[in-house]
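Working notes for the structure below.
The values are calculated or read from the model by the stated rules, or taken from the named source; none is laboratory data. Bear in mind that the values here come from a model prediction, so they are computed numbers and not experimental data. Methodologically, a virtual Cβ is constructed for each residue, glycine included, from the backbone with ideal geometry; neighbour enumeration extends over all protein chains shown.
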């Protein structure tokens with residue numbers, strides 16, 4: 001299993017442009033931050049890393065984190081009520097009967113070798129009112145399709161093909177996995193990014209045609225999906241509300257063609 005180097009977590013929160021960060025509607029943590037009034041809410045940030053969500057919430061919520069990397073959690077701890085340096089499974093075992101208003105898993109599950117077992121652990125921390133957020137990279141983004149068409153599948157330091165990713169998901173495959181584990185999906189947000197670097201060396205005409213077609217396909221433009229789920233109510237079918245930020249999409253498109 002891959003592990004991130006400690007220096008990859010380094011960040012100087014005092015020199016981050018908060019206004020610029022909040023303007024990025026394709027950032028799943030920004031979407032999560034803007035989606036609720038977090039005052040006095042009990043929140044668990046699984047895989048909290050260097051504390052990005054904690055920095056955004058800025059002590060508005062009763063925020064707990066799970067982060068196995070002690071170096072990363074040391075950077076994050078000032079924004080959290082408590083951070084647990086352990087794996088999720090161990091946390092669940094030691095905190096049976098403990099529930100949260102919100103559980104956030106931002107770009108976490110693609111790093112997990114056995115996601116079915118991981119989801120079962122998450123379910124033990126949720127009651128019928130708990131909202132669980134998952135953000136997950138989309139392996140059918142047009143940049144990945146373009147590279148595959150040219151014979152490439154190169155791992156990167158960051159992004160959809162980050163070298164620490166153990167699993168790759170489409171919207172369909174991830175949705176099926178959630179539903180098969182009794183999670184009720186009530187919103188899926190398409191987080192769209194146009195400007196993504198990718199190899200452009202072979203079959204140029206085919207790749208250009210693919211890119212043109214992608215402008216009409218929100219799945220191909222979605223760099224990530226943001227899921228909002230609850231535990232499946234009994235005898236209730238999954239009814240998914242799909243959300244695309246049309247204003248954001250049009251703005252990015254017109255910037256692209258300028």
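Summary of values
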| quantity | calculated |
| --- | --- |
| Among (1) touching a helix residue (DSSP H, G or I) at 6+ places or on another chain (Cβ under 7 Å); (2) without any contact (Cβ under 8 Å) to a residue 24 or more places away in the chain - the single one residue 155 does not satisfy | (1) |
| Residues of the stretch 20-35 satisfying the condition of being surrounded by 15 or more Cβ atoms within 10 Å (Cβ to Cβ), in a loop (DSSP other than H, G, I, E, B) and out of contact with any strand residue (DSSP E or B) (no Cβ under 6 Å at 6 or more places or on another chain) | 25, 27, 35 |
| Residue in the stretch 139-149 that is surrounded by fewer than 16 Cβ atoms within 10 Å (Cβ to Cβ) and in contact with a helix residue (DSSP H, G or I) (Cβ under 7 Å, 6 or more places away or on another chain) present | yes |
| Hey, residue 47 under 27 Å from residue 127 (Cβ atoms), in contact (Cβ under 8 Å) with a residue 60 or more places away in the chain, in contact with a strand residue (DSSP E or B) (Cβ under 8 Å, 6 or more places away or on another chain) and surrounded by 14 or more Cβ atoms within 10 Å (Cβ to Cβ) or not | yes |
| Within the stretch 77-144, strands (runs of 3 or more DSSP E) holding 2 or more residues that are touching a residue at least 60 places away in the same chain (Cβ under 8 Å) and under 23 Å from residue 224 (Cβ atoms) | 102-106, 131-137 |
| Candidates 254, 153 - the one that is modelled with pLDDT of 60 or more and either within 29 Å of residue 129 (Cα to Cα) or surrounded by fewer than 18 Cβ atoms within 10 Å (Cβ to Cβ) (or both) | 153 |
